[in-house]
Amino acid sequence: MAEQRGPRVDCHAHVFGPDLPVVPGAWTTIDYAFTPEDLLAQMDAHGVEKAALSGLSITGSNNSYLIEALRAHPDRLCGTAILDVPGDLAAMKALATQGIRGIRLQLARAPELPDLASEEWRTMLRHVRDLGWHVQLALEGDRIPLLLPQLIASGVDVVVDHFGHPDPSDPLNCPGLAAVLAAVDTGRCWVKISGGFRLAGTSSWQDPEADLWSVADEVAPYLLERVGTDRLLWGSDAPFVGYEKRLSYDAVLESFHRWVPDPAQRAEIDATGRKFYFG
């Protein structure tokens, strides 16, 4: 096993099988498999013990492969599922026994945002609260102010993916990051310092020369100071869909060490992830 570089918990990863069925209009297609065993091999090579799997955007509400992975490795994996609203409480309770910890609200690139005041969404969010789950929000930063305050007002806990995707042109002063910070201040919001390579813009994955890290390198220290280690979660975003040829597990671990150079603070963020997903 390689030298432990930390952390012990990866709070954002994906798994999928071959011949993956994708939803119409998916932003990309995948012509390979990244199985739970593939992920666990990467984790084992770096001393990572547990991982939280995120529902995959391009598969929509088809969570079958994700659930199979959680069933096969209940001691090491948990996850969030993409579910159709309003959600069936009995079915959601069954998912909870199989390692699901919340719903992933995957709205990046969505043409319209949901009406959280509608009866179906009020029902869904009530189910989330009743189960002690959280909402994992994946949304572009310029639209986060339209939705995140409503989620917080509903009483659910929220995890914001990928730094909240702040505006690359002015990441520290944009409305999206301001909305994320306001949500964190309520005590019911956490932020993932994950997918930093995605912050340069939605087209960067198509440009092999794109600068993948400068935005995340600017935002991460600010979040560390402003949010603190008890509200930050680290995730690899393995297998780096769209960026597979440019990234590795070593590369994303290196970014985590760059963002959080103090080993004590890295350990605190790790403890936050363990408590949140496996506590």
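Numbers at a glance
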quantity: Residues within segment 94-123 that are among the acidic types (Asp, Glu) and part of a loop (DSSP other than H, G, I, E, B), tallied; calculated: 2
quantity: Scan of segment 83-110 for residues that are under 26 Å from Asp38 (Cβ atoms), of a type in the set (Gly, Ala, Ser) and at pLDDT below 95, ordered by number; calculated: Ala108
quantity: Complete set of residues in segment 66-99 that are crowded, with 18+ Cβ neighbours inside 10 Å and of a type outside the set (A, V, I, L, M, F, W, C); calculated: His73, Arg76, Gly79, Thr80, Gly87, Gly99
quantity: Test: Thr80 is modelled with pLDDT of 95 or more, more than 19 Å from the chain's Cα centre (by Cα) and hydroxyl-bearing (Ser, Thr, Tyr); calculated: no
quantity: Candidate set: segment 123-175, residues that are aliphatic (A, V, I, L, M) and over 20 Å from the mean Cα position of the chain (by Cα); chosen: the one nearest to Leu199 (Cα to Cα); calculated: Leu172
quantity: Number of the exception - Thr97 against (1) of a type in the set (Val, Ile, Thr); (2) over 15 Å from Gly55 (Cα atoms); (3) under 17 Å from the mean Cα position of the chain (by Cα); calculated: (3)
quantity: Residue, farthest from Trp190 (Cα to Cα), within segment 124-156, restricted to residues that are outside any helix (DSSP H, G or I), out of contact with any Ser or Thr (no Cβ under 9 Å at 6 or more places or on another chain) and of a type outside the set (Gly, Ala, Ser); calculated: Leu139
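The values are calculated or read from the model by the stated rules, or taken from the named source; none is laboratory data. Since this is a predicted model, take the numbers as computed values, not measurements. Positions of Cβ are generated from backbone atoms using ideal geometry, with glycine treated the same way; all protein chains shown enter the neighbour counts.
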